[in-house]
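The next block holds one structure in the form of structure tokens; read it before the comments.
Nothing in this text is a laboratory measurement; each read-out follows from the coordinates by a stated rule. This is a predicted model, so every value here is computed, not measured. Positions of Cβ are backbone-derived with ideal geometry, glycine not excepted, and every protein chain shown enters the neighbour counts.
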Amino acid sequence: MNTHGELATYNFAYLDEQTKRMIRRAILKAIAIPGYQVPFASREMPMPYGWGTGGVQVTAAVIGPDDTLKVIDQGADDTTNAVSIRAFFQKVTNVAVTTSTRQATIIQTRHRIPEEQLGENQILVYQVPIPEPLRFLEPRETETRKMHALEEYGLMHVKLYEDIARNGHIATTYAYPVKVEGRYVMDPSPTPKFDNPKMHMSQALQLFGAGREKRIYAIPPYTEVVSLDFEDHPFEVQTFKDPCALCAATGVYLDEVILDDKGSRMFVCSDTDHCENRRNEGHHGHLSGQALEAQQ
Amino acid sequence: MLQAENTSVYLGGFVQPVFDAQTVFRQVMNAMARPGTITRFDALTTPPAPLISVTGSIAAALFDHDTSVWLEPAQASQPALTGWLTFNTSTKIVAQGFDADFAIVTDAGALPSLESFAQGTQEFPDRSTTIILQVESLDQGPRLVLEGPGIKEKAFISPSGLPDQFCEQCSANRQRFPRGVDLLLVSTQGLIGLPRTVKISRG
Ligand SMILES: [Zn+2]
């Protein structure tokens with residue numbers, strides 16, 4: 001009967017059906033109330049919390065045999081975290097996996113949104129460590145919940161303005177708070193603020209899971225997502241002086257890579273799939289030859 | 001006759017519970033995330049009348065012993081129907097709409113006031129009723145214009161069999177945001193999701 005001997009010890013996608021139903025109901029409410037954090041009864045997963053168990057549980061509740069899964073960490077498919085999560089889902093679902101953004105139906109991510117524009121047939125699942133954008137202002141959950149209920153976001157603006165007073169600009173570069181559909185202030189998870197504009201009017205459904213904090217939230221497709229800012233200090237994304245050293249891409253998020261012990265370094269696309277596609281299409285950065293040698 | 005009725009309670013659930021539930025959930029999620037699109041459904045369940053297969057499948061995918069369901073009094077008094085729901089899903093059936101996680105409405109024309117269902121609280125707006133509303137069709141009625149999250153500019157739907165004050169009810173529901181109910185319009189054709197965020201007007 002069971003042709004997948006290894007799967008016999010697990011339910012499909014690891015979670016039991018009751019847990020999946022509970023998470024699925026939470027996801028539906030999260031979609032109906034964009035940016036609002038729905039509490040859910042997070043389960044222990046066979047991996048540490050730091051590994052994105054919230055995202056893993058959301059993906060497990062959503063995924064089916066026809067899906068193609070991509071997992072990224074800091075934009076890369078080949079980091080330990082991404083490799084482990086991908087291997088986990090291969091074992092417990094047997095679904096197709098890919099590193100190609102274009103081919104994926106579900107993309108689970110930590111710290112980045114792919115450079116390539118996502119489509120209507122795609123779901124982006126974020127692993128979230130701290131879902132509460134107001135937590136650093138107010139440690140008590142009962143209080144932050146009240147602040148969301150009453151739309152009391154003044155303190156958040158004060159904090160951002162203090163940044164400006166101190167630094168001449170808003171210093172927050174990661175987990176930069178956004179307002180969803182003019183109502184809820186939301187933490188976009190620790191993605192660089194560079195990625196914030198990609199959340200706005202995205203064609204793809206965006207789901208967020210925080211395992212330790214037991215919260216699920218969502219941004220439906222075609223939903224307004226605005227980064228908080230001030231008239232005299234408008235929101236701005238990071239810009240990079242030079243293009244990607246490998247594929248010459250501009251207007252993408254770059255990571256610094258140390259090349260040798262003499263301190264030589266280069267800036268390359270953090271989205272490895274995007275960089276690879278561009279090089280396959282014939283784009284070459286000023287260090288593309290050298291970098292290949294260094295890899296050998 | 002009596003025998004057939006008794007056994008039918010145990011029949012007509014998902015054939016492949018794990019995969020069928022996942023399929024149905026994805027269809028419901030898609031419908032909720034993209035109001036205005038008709039999501040097609042395969043007939044994966046055969047619940048007793050007047051429930052249609054889409055309703056039965058949503059129930060089988062999302063109800064369990066942690067959920068409570070409100071039924072119209074005429075349906076709540078039908079042992080074949082309540083028996084099918086409780087056997088196939090283990091859900092609790094409740095007498096008051098404001099206690100319900102889900103509601104099944106088979107006579108759309110007699111849809112109770114949306115305000116009579118659970119609205120959630122300002123702090124926990126998710127604690128509200130999702131109403132499964134069976135309508136005659138999803139595309140044979142007067143045209144309605146939808147706007148809001150999940151919709152690129154505007155979407156148009158034409159469900160038939162809705163009560164006269166439906167747009168006004170939905171508009172009042174939207175005014176209560178983040179509180180409010182969410183609706184799933186279902187017919188044998190499939191499903192249209194109407195989350196509380198949707199703005200509906202005649203057009
Ligand atoms: Zn590159």
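Please determine, in degrees from 0 to 90 and to the nearest 10, the orientation of helix B:17-33 with respect to the longest principal axis defined by the Cα atoms of chain B, where the helix direction is its Cα long axis.
Tilt relative to chain B: about 20 degrees.
Taking only Cα atoms and a 10 Å spring cutoff, compute GNM fluctuations for chain A and point out the largest among A:Leu118, A:Leu69, A:Leu155.
A:Leu155
Starting at 0 and stepping by 20 Å, how many percent of the alpha carbon pairs of the protein assembly as shown end up in each bin?
Result, from short to long distances: 22, 53, 22, 3, 0 percent.
Could you give the length gained on full extension between A:His169 and A:Glu152, defined as 0.36 nm per residue of separation minus the Cα-Cα distance, in nm?
That pair, A:His169 and A:Glu152, stretches by 3.8 nm at full extension.
Work out from phi, with θ = phi - 60° and the Karplus expression 6.51 cos²θ - 1.76 cosθ + 1.60, the ³J(HN,Hα) of each residue of the range B:174-182, listed in order in whole Hz, and give x for Gly and Pro.
3J(HN,Hα) across the range B:174-182, in whole Hz: 5, 4, 7, 3, x, 6, x, 9, 10.
What ³J(HN,Hα) values, in whole Hz, does the Karplus curve 6.51 cos²θ - 1.76 cosθ + 1.60 give for the range B:106-122 when θ = phi - 60°, with x put for Gly and Pro?
9, 9, 4, x, 9, 3, x, 3, 4, 6, 7, 9, 4, 9, x, 10, 4
Report, in whole Å, the centroid distance computed from the Cα atoms of the range A:58-82 and the range A:225-294.
The two parts, judged by their Cα centres, are 23 Å apart.
Suppose we keep just the DSSP beta bridges with both residues in the range A:112-244; what percent of those would be antiparallel, to 5?
Taking every DSSP beta bridge with both residues in the range A:112-244, the antiparallel ones total about 70 percent.
Dipole magnitude of the range A:1-151 about its Cα centre, charges +1 at Lys/Arg Cβ and -1 at Asp/Glu Cβ only, in debye to the nearest 20?
For this selection, approximately 320 debye.
Quick one: helix B:53-62 against the long Cα principal axis of chain B, what's the angle to the nearest 10°, folded into 0 to 90?
Its long axis makes an angle of about 90 degrees.
Which residue fluctuates most in the GNM of chain B (Cα springs below 10 Å): B:Gln78, B:Gln27, B:Gln119?
The residue that fluctuates most here is B:Gln78.
Only Lys, Arg, Asp and Glu count, each charged at its Cβ (+1, +1, -1, -1), so figure out the dipole size of the range A:56-110 about its Cα centre, rounded to 20 debye.
The dipole of the range A:56-110 has a size of about 40 debye.
Please list, ordered by chain and number, the residues whose modelled amide H lies under 5 Å from the amide H of A:Tyr126; skip anything fewer than 5 residues away on the same chain.
Here the answer is A:Thr109, A:Leu207, A:Phe208, A:Gly209, since their amide H atoms fall under 5 Å of that of A:Tyr126.
Of all the Cα-Cα pairs you can form in chain A, what percent are over 30 Å apart?
35
Which parts of the range A:268-285 would a label at A:Ser100 reach, counting a residue when its backbone N lies under 15 Å from a point 7 Å out along Cα-to-Cβ?
Residues A:273-281 qualify, since their backbone N sits under 15 Å from the label point.
Tell me, how many Å apart are the Cα centres for the range B:9-40 and for the range B:88-134?
For the range B:9-40 versus the range B:88-134, the Cα centre distance is 19 Å.
Could you tell me what percent of the DSSP beta bridges with both partners in chain A are antiparallel, to the nearest 5?
Here the share of antiparallel DSSP bridges comes out near 60 percent.
Between B:Glu123 and B:Gln78, what length comes free when the chain is fully extended (0.36 nm per residue of separation minus the Cα-Cα distance, one decimal in nm)?
Full extension from B:Glu123 to B:Gln78 adds 12.5 nm.
Nearest 5 is fine: what % of DSSP beta bridges in the range A:66-129 come out antiparallel, could you say?
10
Using Cα springs under 10 Å in a Gaussian network model of chain A, which residue among A:Gln238, A:Gln57, A:Gln18 shows the largest mean-square fluctuation?
Comparing A:Gln238, A:Gln57, A:Gln18 in the GNM, the peak value goes to A:Gln18.
Which whole number of Å³ per residue matches the convex hull of the alpha-carbon atoms in the range A:131-190?
Spelled out: Cα convex hull of the range A:131-190, divided by residues, is 81 Å³.
I'd like the chymotrypsin sites (Phe, Trp or Tyr not before Pro) in the range B:1-86 restricted to DSSP loop residues with at most 13 other Cβ atoms within 10 Å, sorted by number.
B:Tyr10
What list of ³J(HN,Hα) values in whole Hz, one per residue of the range A:261-270 in order, does the Karplus curve 6.51 cos²θ - 1.76 cosθ + 1.60 (θ = phi - 60°) give from phi, with Gly and Pro shown as x?
7, 8, x, 5, 8, 9, 10, 10, 3, 6
Mind giving me the nanometre distance, one decimal, between the label points for A:His284 and A:Arg140, set 7 Å out from Cα along Cα→Cβ?
6.4
Angle between the Cα long axis of helix B:79-89 and the longest principal axis of chain B, 0 to 90 degrees, nearest 10?
So the helix axis and the longest Cα principal axis differ by about 80 degrees.
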